[in-house]
Amino acid sequence: MLISDLKGGLFKYEVKDYYAILGLPISASPKDIRLRYLKLAYQLHPDTNQAETKENREKASTILSKLVNPAYENLYKDKLRKECQLIFSEISMRLAPMAKEMTLSGEIPKKLLREEANFNKMYQDLIETLAKEQYQDLSKLAVKIGLLSELNMIYLVRQKQGELGKVMGGASSSVEPKIAVSEPIITTAPEQSGNTGVTQQVEEKEEQVPVSRLEKLISSAKNHIEQFNPDAALFDLREAVKIDANSAVAHAMLGSVYLLQNNLPYGRIHINKAVGIDSNNPTVKKAQEELKQKEKKSSTGKTDGKKTESKGSDKEKSKDKKGKKEPPKIFGIPLW
């Protein structure tokens, strides 16, 4: 079984849901990811697998190498995990407006979609319950991964709807925000001498200078950055550049957030775009300096990484020379 064979949930939209493969919620911490992987690796590894037939042992070994190992490899490293989160953010933004039209496989995901009061708790409980039996019957594994991915998909969509509601001032994600216009205020003027009792009415209109949605998004993104919430800032700034593709500030800030998430290629694209629009803007200059520092640091890190890797391999070799029987390791982690 390959990842490309999975078709349920987010996989239906060509998104690799590594969390569903491991049986984890989207909110899982690196520690949760590691512990879950060790449990599955012990269960599926040829040296520790409890399957009764050779065919089932081989199937378990294949699933470990083709599904579980790639999933763990893409989640245990911060950079790769953040890239997965970016992809999730993109797909949830596409799916959020049409949540009611999503095709779900069974009553469990439909129940979660309808839940309001205890949504997060129900989501966590359902994932935990399904994960316990996920790898017990490998013939049904694809179906169970698809079901877990549907729950993750619903979680992402509901999360994105909440973000959209905040950006639009609490409005539904499917409704465009409205600019409030005050009604004319009608007042009655006092009667003057010689007036025959005819009431004079004066209409006063309060003029409001509406703040553009672009300015609201940029302001909201600044607040999110100050509160160390780059994912929410990323959402605001993506919307901002859609509204005005020639906003140097929006592109510069978007590039800075990508750098904050260690996504150098995307950061470089947007910051260079901002420089091309207005290189004298203070926000653009600041982002350009951040990019230079990041590129310098990245270049230095690659050189250090090679040296570290060499030392690490020498260390492993010295361990092997001791002649002791060691437990099987995957990604350098002993299974017991």
Residues located in the stretch 29-38, provided they are under 21 Å from D231 (Cα atoms) and touching a residue at least 24 places away in the same chain (Cβ under 8 Å): P30, I33
Check whether at least one residue in the stretch 56-64 is under 27 Å from L264 (Cα atoms) and modelled with pLDDT of 90 or more, and report yes or no. no
Can you give me the number of residues within the stretch 67-89 that are closer than 19 Å to M153 by Cβ and either modelled with pLDDT under 85 or among the hydrophobic types (A, V, I, L, M, F, W, C) (or both)? 7
Of the conditions (1) crowded, with 16+ Cβ neighbours inside 10 Å; (2) touching a helix residue (DSSP H, G or I) at 6+ places or on another chain (Cβ under 8 Å), D5 fails just one. Which one is it? (1)
Could you say whether any residue in the stretch 124-132 is exposed (fewer than 14 other Cβ atoms within 10 Å of the Cβ) and among the hydroxyl-bearing types (S, T, Y)? yes
With respect to K66, determine if the residue is exposed (fewer than 13 other Cβ atoms within 10 Å of the Cβ), over 19 Å from the mean Cα position of the chain (by Cα) and basic (K, R). no
Those residues that are under 17 Å from I127 (Cβ atoms) and among the aromatic types (F, W, Y), I need them from the stretch 1-44; list them, please. F11, Y18, Y19, Y37
Would you call R94 open to solvent by 90 Å² or more (accessible area, probe 1.4 Å) and out of contact with any Gly (no Cβ under 9 Å at 6 or more places or on another chain)? yes
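The values are calculated or read from the model by the stated rules, or taken from the named source; none is laboratory data. Predicted model, so just to flag it, every value in this text is computed and none were measured. Ideal geometry is used to build each Cβ from the backbone, glycine not excepted, and the neighbour counts take in all protein chains shown. Each accessible area value is taken on the protein alone, full model and side chains, heavy atoms only, with ligands, DNA and RNA left out. Shrake-Rupley method; radii C 1.70, N 1.55, O 1.52, S 1.80 Å.
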